[in-house]
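Taking it in order: structure first as structure tokens, then the write-up.
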Amino acid sequence: MNRSSLLIPFVVIVLFTLLVFSFLQTDSPLTFATQWAIVQGNITQDFDQVDWAFSRLPRLAMALLVGAAMGLIGSVIQQLTRNPLLSPVTLGTSSGAWMGLIILAIVWPEGQAHYQAMAAMIGSLLALGLVLLISGIRQLTGLSIVLAGMAVNLLFGAITTALILLNDQYAQNLFIWGAGDLSQNGWQKVHWLWPHCLIGIAILAYAGKPLTLLKLGQSAAAGRGLNVTALFLILMVSGLWMLSAAITMVGIIGFLGLVSPNLARLLGARTATFELWLSSLLGAMLLVAADNLAILANIFTFTLVPTGLTTALIGAPLLIWLIRQRLNQADNTVFQMLHGKQTLSRERIFIVMAAFLLFILLGVFFHIEQNNYLLQWPNDLSWPLRWPRITASIFAGAAMAVSGVILQRLIHNPLASPDLLGLSAGAILALIGTSTFFGIRLGEMGSLVAFSGSMAVLGLLLLLGRRFRFAAAPMILTGVALSALIETLVQFVLIKGTEDVFDILRWLAGSTYRVTPNQAIILMLCSCGLMILALSLHRWLTLLSMGKVTAAARGIAVKPAFILLLMLAAALCSLVTALVGPITFVSIVAPHLASLLGARHVVAQLSLSALLGATLLQASDWLGQTLIYPNQLAAGTMVAIIGGGYFVILLIKSKANKHSF
């Protein structure tokens, strides 16, 4: 063992000790001597001593338990899959566990006292099973499992959002819980959690040898007598059990499971056992540091700052840095969608147009009255409410579809879309940040604020993407990092409990109900203008999609044309996000359906994608109004569920296609 391998653990332990002492002293008037006396059981009735003993000390214990568990889980997942960019968040298991807890809280509130961990476990296992179904058990090291986890994350997130919106009486408590809060008012939660984490000791003691064999490869490990499938199931289920217990107690704490193992390897962890131990220690250190930042933020801002927010603020930049450092060429494999028709027939065009007209007519004439389904002319009361949301659905769907076509052709990536690449997340961050810090209501802000957020993200993606030639993995993972960061920022806004909370939540759900007549007209005129501009630039888009060398040879000023078209895609996305809310999956599903139907040329794909996007969002809006009447689901939430389901099926079919991955 060389000197550096001895020095690194020593330095880490020293830093860990300093972090713990710093945490215990933050905003505490007690001396170390008094604190040590309290630990030994000598406590008086002094408020500061009681608060430290039953709030700060259990909070430290919770941070150490959860952080160590998250670091260990991340190391197990990454060593099992030999994929340094996997974690409970990127695998979708965290969102599955969260969905399970939400369903339990809504369907069986009385069962929360005893069955929360079981509900979270079922949700995380469901997510893992779906991810493995999509990617395949033998496709754990490449891009396919990352895409599968991202798709499951978005799908389960949409379902969870729908459940919260339909059961808003539970929402305030769920917002605080979901933001990742380590605040404690006693030792009850710690006493509940630590027995559930005892399985981690068994992993630390016995998992090192089989994981070392697995480093040789699945075939070589199996040849030496290792049952790879059994090892995968045992360790993964054990890890998910600890994850479920942790989420049950403190909510979702992102990035620890991703960052800790990578930091351990950067610090010199070469053996499987050493990586497991060091990842656990680093996870505990990072969460203690993040929680200390949250406590300091509480002091200076006089508001509740959840630990999940500070963890995301630390973890998101680290993830983006790891993307640049850790991706290799195998991770940048170009993903190809299923191939469809080579030509676009009139019959298929007529079918799409018929579906478009059908859902417009249903939106205009369909009416529910006393549980009776009627077709009748809208009256003077219903028409002023219907036409703005129909207009918003049509033009928002068309605009997002056109934005997706532009991005996919420019970046040569069929998964390039505003929502998956983080352009929508940038617009959300700009709008909510402006609303939070300047007190401006969402309805009073224009598309310019959203456009600035989208352009900031776009600049970051271009800076990162040039190194990897805009390959799918780094682009999508950057979007995942930004989306996770934005989600925690949104949770921070929601737990404040102001009157704007549900207005923000409805906007995040993509509700057309809140669109005013003036906003509908603005959306129609601006989106039409931008889409006409996109059609007029079809030659640029055609040549750039063939490659920059070809475009330059044909007389195109490549860089200005490229930037202008990207700005056009960002403008379409930010316009929709500002006026309707974030709309997911339309910008992937509509262009892909257009290609399947035979729209190969730019003009045909732009036109048919716009028609399909309008149809998809209008259909989602109508279904959201009628399926669970008198309750309603927002169009954005409904289209996320429909589009997410379609995307999952698409990935499953693409796995079987000889050209995929």
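The values are calculated or read from the model by the stated rules, or taken from the named source; none is laboratory data. This one's a predicted model, so the numbers in the text were calculated from it and none came from an experiment. Here the Cβ is made from the backbone with ideal geometry for all residues, glycine too, and neighbour counts use every protein chain on show.
Which residues, counting only those in region 303-348, are at pLDDT 70 or above, under 21 Å from the mean Cα position of the chain (by Cα) and of a type in the set (S, T, N, Q)?
Of everything in region 303-348, those that are at pLDDT 70 or above, under 21 Å from the mean Cα position of the chain (by Cα) and of a type in the set (S, T, N, Q) turn out to be Thr307, Thr310, Thr311.
Return the only residue of Gly422, Gly433 being closer than 20 Å to Val493 by Cβ, crowded, with 21+ Cβ neighbours inside 10 Å and at pLDDT below 80.
Working: Gly433 fails: crowded, with 21+ Cβ neighbours inside 10 Å.
Going through Gly422, Gly433 in turn, the sole match is Gly422.
Just give me the residues in region 297-307 being surrounded by fewer than 24 Cβ atoms within 10 Å (Cβ to Cβ) and in contact with a helix residue (DSSP H, G or I) (Cβ under 9 Å, 6 or more places away or on another chain), in sequence order. Spell out how you get there, then give the answer.
First, pick out the residues of region 297-307 that are surrounded by fewer than 24 Cβ atoms within 10 Å (Cβ to Cβ): 297-305.
Of everything in region 297-307, those that are surrounded by fewer than 24 Cβ atoms within 10 Å (Cβ to Cβ) and in contact with a helix residue (DSSP H, G or I) (Cβ under 9 Å, 6 or more places away or on another chain) turn out to be Ala297, Thr303, Leu304, Val305.
Out of (1) under 30 Å from Ile159 (Cα atoms); (2) not in a loop (DSSP other than H, G, I, E, B), what's the single condition that is false for Arg59?
(1)
Take region 56-74 and flag every residue that is touching a Gly at 6+ places or on another chain (Cβ under 8 Å) and not hydrophobic (A, V, I, L, M, F, W, C). Please lay out each step first, then the result.
Our first condition is that a residue be touching a Gly at 6+ places or on another chain (Cβ under 8 Å); within region 56-74, this holds for 58, 67-74.
Within region 56-74, Pro58, Gly67, Gly71, Gly74 meet the criteria.
Within region 617-630, is even one residue closer than 19 Å to Val402 by Cα and either among the hydroxyl-bearing types (Ser, Thr, Tyr) or at pLDDT below 85 (or both)?
Filtering region 617-630 down to residues closer than 19 Å to Val402 by Cα leaves 617-620.
Within this subset, residues satisfying the condition of being either among the hydroxyl-bearing types (Ser, Thr, Tyr) or at pLDDT below 85 (or both) are 620.
Yes, there is a match, as at least one residue in region 617-630 is closer than 19 Å to Val402 by Cα and either among the hydroxyl-bearing types (Ser, Thr, Tyr) or at pLDDT below 85 (or both).
If a residue must be assigned to a helix (DSSP H, G or I) and under 28 Å from Leu296 (Cα atoms), how many such residues does region 74-94 contain?
Here is the first cut: in region 74-94, the ones assigned to a helix (DSSP H, G or I) are 74-81, 93-94.
After this cut, where a residue has to be under 28 Å from Leu296 (Cα atoms) as well, the list is 74, 94.
Selection size over region 74-94: 2.
Kindly list, by first and then second residue, each pair from a residue in region 525-551 that is assigned by TED's automatic domain parsing to the domain that holds Val602 to a residue that is of a type outside the set (A, V, I, L, M, F, W, C) and surrounded by fewer than 15 Cβ atoms within 10 Å (Cβ to Cβ), limited to pairs with Cβ atoms under 7 Å and residues at least 6 apart or on different chains.
Sorted first by the residue in region 525-551, then by its partner, the pairs are Leu543/Thr550; Leu543/Arg554.
Among the residues of region 421-429, is there at least one that is in contact (Cβ under 8 Å) with a residue 40 or more places away in the chain and part of a loop (DSSP other than H, G, I, E, B)? Working first, answer last.
Step one: list which residues in region 421-429 are in contact (Cβ under 8 Å) with a residue 40 or more places away in the chain, which gives 421-429.
Filter again for part of a loop (DSSP other than H, G, I, E, B), leaving 422.
Yes.
Would you mind stating whether Ala401 is within 25 Å of the chain's Cα centre (by Cα), within 19 Å of Arg514 (Cα to Cα) and of a type in the set (A, V, I, L, M, F, W, C)? It would help to see each step written out before you state the result.
Details: within 25 Å of the chain's Cα centre (by Cα): yes; within 19 Å of Arg514 (Cα to Cα): no; of a type in the set (A, V, I, L, M, F, W, C): yes.
Criteria not met by Ala401.
Whether any residue in region 601-615 is of a type in the set (S, T, N, Q), over 25 Å from Ser424 (Cβ atoms) and part of a helix (DSSP H, G or I) is what I want to check. Break it down stepwise before answering.
Step one: of region 601-615, the residues of a type in the set (S, T, N, Q) are 605, 607, 609, 615.
Those still in the list that are over 25 Å from Ser424 (Cβ atoms) too: none.
No, because not a single residue in region 601-615 is of a type in the set (S, T, N, Q), over 25 Å from Ser424 (Cβ atoms) and part of a helix (DSSP H, G or I).
Just need a number here: residues in region 247-282 that are closer than 16 Å to Leu322 by Cα and under 21 Å from the mean Cα position of the chain (by Cα).
Selection size over region 247-282: 9.
Pairs please, first residue from region 577-600 and in the same structural domain as Arg389 (by TED's automatic domain parsing) and assigned to a helix (DSSP H, G or I), second anywhere and charged (D, E, K, R) and buried (at least 24 other Cβ atoms within 10 Å of the Cβ), Cβ atoms under 9 Å, 6+ apart in sequence or on different chains.
That search, which allows pairs on different chains as well, returns Val586/Asp419; Ser587/Asp419; Ile588/Asp419.
Yes/no matrix, rows are residues, columns are (1) closer than 22 Å to Ala509 by Cα; (2) in contact with a helix residue (DSSP H, G or I) (Cβ under 8 Å, 6 or more places away or on another chain):
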| site | (1), (2) |
| --- | --- |
| Ala401 | yes, yes |
| Gly404 | yes, yes |
| Leu407 | no, yes |
| Asn413 | no, yes |
| Leu420 | yes, yes |
| Gly426 | yes, yes |
| Leu429 | yes, yes |
| Ile432 | yes, yes |
| Phe438 | no, no |
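Conditions tested, residue by residue: (1) buried (at least 19 other Cβ atoms within 10 Å of the Cβ); (2) over 33 Å from the mean Cα position of the chain (by Cα); (3) farther than 19 Å from Ile314 by Cα; (4) not assigned by TED's automatic domain parsing to the domain that holds Asp291.
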site: Pro9; (1), (2), (3), (4): no, yes, yes, no
site: Gln25; (1), (2), (3), (4): no, yes, yes, no
site: Val39; (1), (2), (3), (4): no, yes, yes, no
site: Asn42; (1), (2), (3), (4): no, yes, yes, no
site: Val66; (1), (2), (3), (4): yes, no, no, no
site: Val89; (1), (2), (3), (4): yes, no, no, no
site: Met99; (1), (2), (3), (4): yes, no, yes, no
site: Ile106; (1), (2), (3), (4): no, no, yes, no
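Please find, among Arg82, Arg59, the residue that is of a type in the set (Lys, Arg), buried (at least 19 other Cβ atoms within 10 Å of the Cβ) and touching a residue at least 24 places away in the same chain (Cβ under 8 Å).
Details: Arg82 fails: buried (at least 19 other Cβ atoms within 10 Å of the Cβ).
Sole residue among the options that is of a type in the set (Lys, Arg), buried (at least 19 other Cβ atoms within 10 Å of the Cβ) and touching a residue at least 24 places away in the same chain (Cβ under 8 Å): Arg59.
Residues being aliphatic (A, V, I, L, M), part of a helix (DSSP H, G or I) and modelled with pLDDT under 90: count how many of those fall in region 170-200. Spell out the reasoning first.
First, the residues of region 170-200 that are aliphatic (A, V, I, L, M): 171, 174, 176, 179, 182, 190, 193, 198-199.
Imposing the further condition that a residue be part of a helix (DSSP H, G or I) reduces the set to 171, 174, 176, 190, 193, 199.
Filter once more, so that each one left must be modelled with pLDDT under 90: 171, 174, 176.
Summing the residues that are aliphatic (A, V, I, L, M), part of a helix (DSSP H, G or I) and modelled with pLDDT under 90 in region 170-200 gives 3.
Evaluate the following for Gly100: is it over 24 Å from Lys215 (Cβ atoms) and in contact (Cβ under 8 Å) with a residue 12 or more places away in the chain? Show your work before the answer.
Working: over 24 Å from Lys215 (Cβ atoms): yes; in contact (Cβ under 8 Å) with a residue 12 or more places away in the chain: yes.
Here the answer is yes, as Gly100 does meet what is asked.
I'm trying to understand the selection: among the residues of region 576-596, which are among the aliphatic types (A, V, I, L, M) and either buried (at least 24 other Cβ atoms within 10 Å of the Cβ) or at pLDDT below 85 (or both)?
Start the filter on region 576-596 by keeping residues that are among the aliphatic types (A, V, I, L, M), which leaves 576, 578-580, 583, 586, 588-590, 593-594, 596.
Within region 576-596, Val576, Ala578, Leu579, Val580, Ile583, Val586, Ile588, Val589, Ala590, Ala594 qualify.
In region 360-384, which residue that is closer than 20 Å to Ile521 by Cβ and touching a residue at least 24 places away in the same chain (Cβ under 8 Å) is surrounded by the fewest Cβ atoms within 10 Å (Cβ to Cβ)?
We begin by selecting, within region 360-384, every residue closer than 20 Å to Ile521 by Cβ; these are 360, 363-364, 378, 380, 382-384.
Narrowing the set further to residues that are touching a residue at least 24 places away in the same chain (Cβ under 8 Å) leaves 360, 363-364, 384.
Numbers: Ile360: 18, Gly363: 21, Val364: 16, Pro384: 11.
Looking at the filtered set, the residue picked out is Pro384.
In the set Ser244, Ser238, which member is at pLDDT below 90, under 29 Å from the mean Cα position of the chain (by Cα) and not aliphatic (A, V, I, L, M)?
Details: Ser238 fails: at pLDDT below 90.
Only one candidate qualifies: Ser244.
Restricting to region 389-412, and then to whatever is surrounded by fewer than 24 Cβ atoms within 10 Å (Cβ to Cβ) and farther than 19 Å from Ser454 by Cα, can you tell me which residue is modelled with the lowest pLDDT?
Ranking the candidates gives His412 first.
Condition (residue is within 17 Å of the chain's Cα centre (by Cα), assigned to a loop (DSSP other than H, G, I, E, B) and either modelled with pLDDT of 70 or more or crowded, with 21+ Cβ neighbours inside 10 Å (or both)) applied to region 502-510: is it met by at least one residue?
Scanning region 502-510 turns up at least one residue that is within 17 Å of the chain's Cα centre (by Cα), assigned to a loop (DSSP other than H, G, I, E, B) and either modelled with pLDDT of 70 or more or crowded, with 21+ Cβ neighbours inside 10 Å (or both).
List pairs: first in region 32-46 and touching a residue at least 12 places away in the same chain (Cβ under 8 Å), second in a helix (DSSP H, G or I) and among the small types (Gly, Ala, Ser), Cβ under 7 Å, 6+ apart or cross-chain?
Ile38/Ala53
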